[in-house]
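Below is one structure, written out as structure tokens, with a few remarks after it.
The values are calculated or read from the model by the stated rules, or taken from the named source; none is laboratory data. None of the values given here were measured: they were computed from a predicted structure. Cβ atoms come from the backbone with ideal geometry, glycine included; neighbour counts cover every protein chain shown. Ligands, DNA and RNA are stripped out before the accessible areas are found, and what is left, the full protein with its side chains, is counted by its heavy atoms. Shrake-Rupley method; radii C 1.70, N 1.55, O 1.52, S 1.80 Å.
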Amino acid sequence: QKVSVEVLDHLEHLALVDFRDAEGVERLQKAIQFADQLHEVNTNGVEPMDSVLEDRCLYLREDDVTEGNCTKELLKNARAKVEEYFVAPPGNIPLPKLEERETFLQGS
């Protein structure tokens, strides 16, 4: 199943992922094919579940802090940081215009 330019545009804005290269589009198409298998499962008469552990009682534990003061150690894992904060990718990444992607998708 081919992925339309509009769907790619929508997914890129939701996930902040760039699907401009053939590998990214192919990976997305494989994921869609895998998820499409769920349509083959007969779910007639099956009530939706709130949790996969519906038949069990879920007990919440107390949130007790047992360790602390490890900011420096945690920040060692950061690819980029500003002061004492992890730096995440910007929310408004520059994405190509729909017309640009249409020409790319025709080649895939």
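Among the residues making up the stretch 20-72, those that are of a type in the set (Gly, Ala, Ser) and either outside any helix (DSSP H, G or I) or at pLDDT 85 or above (or both) are Ala31, Ala35, Gly45, Ser51, Gly68. As a summary of the residue check, Leu75 satisfies the conditions (1) at pLDDT 85 or above; (2) open to solvent by less than 90 Å² (accessible area, probe 1.4 Å); (3) out of contact with any Asp or Glu (no Cβ under 9 Å at 6 or more places or on another chain) except for the one numbered (3).
The set of residues in the stretch 1-19 being in a helix (DSSP H, G or I) and aliphatic (A, V, I, L, M) consists of Val5, Val7, Leu8, Leu11, Leu14, Ala15. Listed by first and then second residue, the pairs linking a residue in the stretch 16-32 that is closer than 13 Å to Val5 by Cα to a residue that is assigned to a loop (DSSP other than H, G, I, E, B) and open to solvent by 80 Å² or more (accessible area, probe 1.4 Å), with Cβ atoms under 7 Å apart and 6 or more places separating them unless they lie on different chains, are Gln29/Gln1.
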